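Right, one structure below, let's go through it.
The values are calculated or read from the model by the stated rules, or taken from the named source; none is laboratory data. In this text, all values refer to a predicted model and were calculated from it rather than measured experimentally. In this analysis, Cβ positions are derived from the backbone assuming ideal geometry, glycine residues included, and neighbour counts consider all displayed protein chains. The protein model used for the area step is the full one, side chains on, heavy atoms only, and it has no ligands, DNA or RNA in it. Shrake-Rupley method; radii C 1.70, N 1.55, O 1.52, S 1.80 Å.
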Amino acid sequence: MEGYGPASYGDAIADIYDEWYGDVSGTDEAVDALATMAERVGSRRVLELGIGSGRLALPLAARGLELSGIDTSPAMVELLRNKPGGAGIPVAVGDMATLDLAAIASGRPPRFGLVFVAINTFFNLTTAEAQQQCLRRVREVLEPGGLFVLEAFVPAVDRPTNLVEARTVALDHVILTATRHDPVEQTVTSQYIELRESGIRMRPLVIRYAPVAELDAMAVAAGLQLVERWSDWRGSPFTADANLHVSIYQSA
């Protein structure tokens, strides 16, 4: 998608993000699991990649954890800033592939006992090289023995190549999703097309997905080793028919 950049998705969807995704199921379970992991490694310092509007960061901060975040979209960070408690969370606006945290660092580079990325956000890095670079940087900012947690979907083998669906059909508007899948590049290019009498609004999204075996190989190359994998935030065992995974890696 020509002209698409790291901030394109967040900036385009910020105005309706909480309306669409604010009630995502499993939020309470994710917060509980992440808080338990921070306690497990004995560190209150936590970093979220793709912090967005704070769905997980705000309740984790309310539990006394020292939350920091990074996000490519200034518009999404502004959403976080305008929520109670959001202004107190240090956030670097930038690409999580390079993971430049200078904006939230005071003196020496920050280190974290727990780094996490949720709801397929890791796949917003649209190349294998960017994903690998991100994992290397995660390893560099982890404290010794720290944990990296990645939540993402398990790619379906039979994903359609091209698809147009009606996401919303309302009295005064329609939202269509147009999707093109490239199985060779492992990319999915989408547009949310909002049709109203007042006009048309486009919200683009490009992802580069990876199966769990590829993620594990990239993690090993970055100095991370898999210690656990669940099929949900409740810690249910990961099985061959799972469509979601929560993978927990530790700095080797």
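Here are a few things to note about the model shown:
- Taking amide H as placed 1.01 Å from N in the peptide plane, the amide H of Leu224 sits under 5 Å from that of Ala252, each at least 5 places away or on another chain.
- Remark on Phe112: its backbone amide H falls under 5 Å from those of Leu142, Glu143, a criterion applied only to residues 5 or more positions apart or on other chains, H modelled at 1.01 Å from N.
- Beta bridge orientation in the chain: antiparallel %, DSSP, nearest 5: 70
- Theoretical ellipticity at 222 nm over the chain - DSSP helices of four or more residues, -39500 (n - 2.57) apiece, nearest 500: -7500 deg cm²/dmol
- Counting only protein heavy atoms and using a 1.4 Å probe, the accessible area of Tyr249 comes to about 10 Å².
- Karplus-derived HN-Hα couplings along region 109-117 (A = 6.51, B = -1.76, C = 1.60, θ = phi - 60°), whole Hz, x at Gly and Pro: x, x, 10, 9, x, 9, 10, 9, 9
- ³J(HN,Hα) computed for each position of region 74-90 - Karplus, 6.51 cos²θ - 1.76 cosθ + 1.60, integer Hz, glycine/proline x: x, 5, 5, 5, 5, 4, 4, 4, 8, 9, x, x, x, 5, x, 9, x
- Relative to the longest principal axis of the Cα atoms of the chain, the long axis of helix 27-41 lies at roughly 20 degrees.
- Remark on Glu66: its backbone amide H falls under 5 Å from those of Arg45, Val46, a criterion applied only to residues 5 or more positions apart or on other chains, H modelled at 1.01 Å from N.
- To put it simply, the accessible area of region 3-53 at a 1.4 Å probe is 45 percent carbon and sulfur.
- Subtracting the Cα-Cα distance of Val24 and Glu185 from their residue separation scaled by 0.36 nm leaves 55.1 nm.
- Hz values of 3J(HN,Hα) by residue in region 92-99 - Karplus curve (6.51, -1.76, 1.60), Gly and Pro given as x: 8, 8, x, 7, 6, 5, 8, 6
- Axis angle, to the nearest 10 degrees, between helix 212-222 and the longest C-alpha principal axis of the chain: 50 degrees.
- Rolling a 1.4 Å probe over the protein heavy atoms leaves Ser198 with an accessible area of roughly 110 Å².
- Cβ-placed point charges (K, R +1; D, E -1), dipole of the chain about Cα centre in debye, nearest 20: 640
- Within the accessible surface of region 109-201, defined with a 1.4 Å probe on protein heavy atoms only, the carbon and sulfur portion equals 53 percent.
- Based on protein heavy atoms only, the chain ends up with 48 Å² per residue of surface accessible to a 1.4 Å probe.
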